[in-house]
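> My questions will all concern the structure given below.
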Amino acid sequence: MKHNKFLPITVFVFFTVLLTSCVGEKSVTIAEQYGLAYAPLQIMRAQGYFEELSPGVEIEWVKLGNTAAIREAVLAGEVDLGFMGLPPFLLGLDKGMDWKLIAGLSICPVGLVAGDDVLSGVFNNPLDAIKPGARIALPQPGSIQHILLSMASERLYGDASRFDGGLVTMKHPDGMTALISGSVDAHFTSPPYIFMENEATAADGGGFTTVLSGDEAFGGSFSFIGAMATDSFLAEDPELVEGFLQALEKSIDFINTKPEETAVILASAYDMPEEEVLKYISRDDMIFTSTVYGLEQFISFMTGQGYITGISASDAVAAGVAVE
């Protein structure tokens with residue numbers, strides 16, 4: 001009986017290659033939401049910056065309707081990196097989510113938009129036109145839009161929950177459609193929808209106006225969107241996190257230095273005319289930066305109103321994150 005003396009070597013090589021392949025394989029799933037505030041992510045995808053800085057990594061991008069969907073995906077182990085407003089991130093952290101802020105993404109104009117018919121009359125301040133019980137579309141209770149509305153309500157009326165009874169959960173595209181059709185009375189939204197709504201004509205022929213800006217509600221500028229990573233991802237793949245952060249900086253720099261090329265990429269990503277995208281991203285109040293702004297103020301307000309308890313900025317951010 002003949003024995004194949006090469007078989008043990010063949011088997012050894014096969015399992016060595018298999019083991020090396022398994023060890024070397026890495027993947028990351030990134031969750032984003034809707035709007036121009038996420039523009040750096042579109043640039044990152046189009047230019048392949050993350051792949052360039054983290055070769056061999058399988059990257060999956062998913063677009064979800066709100067932070068609740070991202071939170072569920074994180075709990076299911078389906079998302080490693082996610083993008084959301086600071087308030088829903090803090091709410092998740094307060095409820096035991098194992099995640100940290102790793103960067104800011106954008107500062108941009110957000111606001112509560114209502115139709116001219118709602119705004120007809122004389123008011124001490126424009127928000128008086130929005131009566132308790134009015135149907136207000138926003139991504140979800142606890143979203144940054146909801147917390148900004150609560151901030152303004154508490155300051156103006158001493159009641160942070162004044163408008164909570166009329167909140168309607170909708171993705172931004174659906175909220176814009178509902179506002180223009182008259183299905184809701186107001187929409188707390190972000191770019192490009194806030195720009196498009198202010199330029200739109202209602203079903204009854206009227207127009208739309210921003211009743212309350214995010215800066216008015218907050219009392220200054222703030223990060224509209226931040227990036228979070230799960231604690232396990234931070235611990236197990238620090239090189240990937242660093243690669244992502246470098247890719248993010250390259251993407252932000254691309255937007256800031258090449259607006260015309262950016263407009264071409266975003267026009268395709270958002271199905272919008274290039275000239276319209278260029279107009280929007282060239283606004284002085286559209287700012288893309290990885291620094292986190294306004295975290296302490298959100299924590300202070302949300303703690304005071306009982307939305308969260310016992311969270312500090314140091315609990316919320318990963319090491320090395322720039323916070324102002």
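> Can you tell me how many residues within the range 63-85 are in contact (Cβ under 8 Å) with a residue 40 or more places away in the chain, outside any loop (DSSP other than H, G, I, E, B) and surrounded by fewer than 20 Cβ atoms within 10 Å (Cβ to Cβ)?
2
> Taking the range 133-186 as the search range and keeping residues that are surrounded by 21 or more Cβ atoms within 10 Å (Cβ to Cβ) and β-branched (Val, Ile, Thr), which one is nearest to the chain's Cα centre (by Cα)?
The qualifying residue nearest to the chain's Cα centre (by Cα) is Ile144.
> Considering only the range 36-50, I want to know if a residue exists there that is farther than 20 Å from Tyr270 by Cβ, touching a residue at least 12 places away in the same chain (Cβ under 8 Å) and among the small types (Gly, Ala, Ser).
No: the range 36-50 contains no residue that is farther than 20 Å from Tyr270 by Cβ, touching a residue at least 12 places away in the same chain (Cβ under 8 Å) and among the small types (Gly, Ala, Ser).
> How many residues does the range 228-268 hold that are touching a Ser or Thr at 6+ places or on another chain (Cβ under 8 Å) and more than 30 Å from Ala313 (Cα to Cα)?
Residues meeting the conditions: 1.
> Scan the range 237-256 and tell me whether some residue there is out of contact with any helix residue (DSSP H, G or I) (no Cβ under 7 Å at 6 or more places or on another chain) and buried (at least 22 other Cβ atoms within 10 Å of the Cβ). Quick ask: steps written out before the conclusion?
Step one: of the range 237-256, the residues out of contact with any helix residue (DSSP H, G or I) (no Cβ under 7 Å at 6 or more places or on another chain) are 237-240, 242, 245, 249, 253, 256.
Narrowing the set further to residues that are buried (at least 22 other Cβ atoms within 10 Å of the Cβ) leaves 240.
Checked against the condition, which is being out of contact with any helix residue (DSSP H, G or I) (no Cβ under 7 Å at 6 or more places or on another chain) and buried (at least 22 other Cβ atoms within 10 Å of the Cβ), the range 237-256 yields at least one hit.
> Mind listing whichever residues of the range 271-323 are among the polar types (S, T, N, Q), without any contact (Cβ under 8 Å) to a residue 24 or more places away in the chain and under 18 Å from Lys258 (Cβ atoms)? Spell out the reasoning first.
Residues of the range 271-323 among the polar types (S, T, N, Q): 282, 289-291, 297, 300, 303, 305, 309, 312, 314.
Still in the list and also without any contact (Cβ under 8 Å) to a residue 24 or more places away in the chain: 282, 300, 303, 312, 314.
Passing the criteria: only Ser282.
> Let me ask another. Among the residues of the range 194-207, is any touching a strand residue (DSSP E or B) at 6+ places or on another chain (Cβ under 8 Å) and among the aromatic types (Phe, Trp, Tyr)?
no
> Scan the range 210-245 for residues that are more than 17 Å from the chain's Cα centre (by Cα) and either part of a strand (DSSP E or B) or among the basic types (Lys, Arg) (or both) and report the count.
The number of residues fulfilling the criteria is 4.
> Still on this structure, please answer the following. Looking only at the range 297-324, count how many residues are over 17 Å from Met228 (Cβ atoms) and surrounded by fewer than 19 Cβ atoms within 10 Å (Cβ to Cβ).
Step one: filter the range 297-324 for residues over 17 Å from Met228 (Cβ atoms), giving 297, 300-301, 303-307, 309-310, 324.
Still in the list and also surrounded by fewer than 19 Cβ atoms within 10 Å (Cβ to Cβ): 297, 300, 303-306, 309-310, 324.
So the count comes out to 9.
Computed from the coordinates by the stated procedures, all read-outs in this text should not be read as laboratory data. All figures in this text were calculated on a predicted structure; none of them were measured in a lab. All Cβ positions, glycine included, derive from the backbone under ideal geometry; neighbour counts span all protein chains shown.
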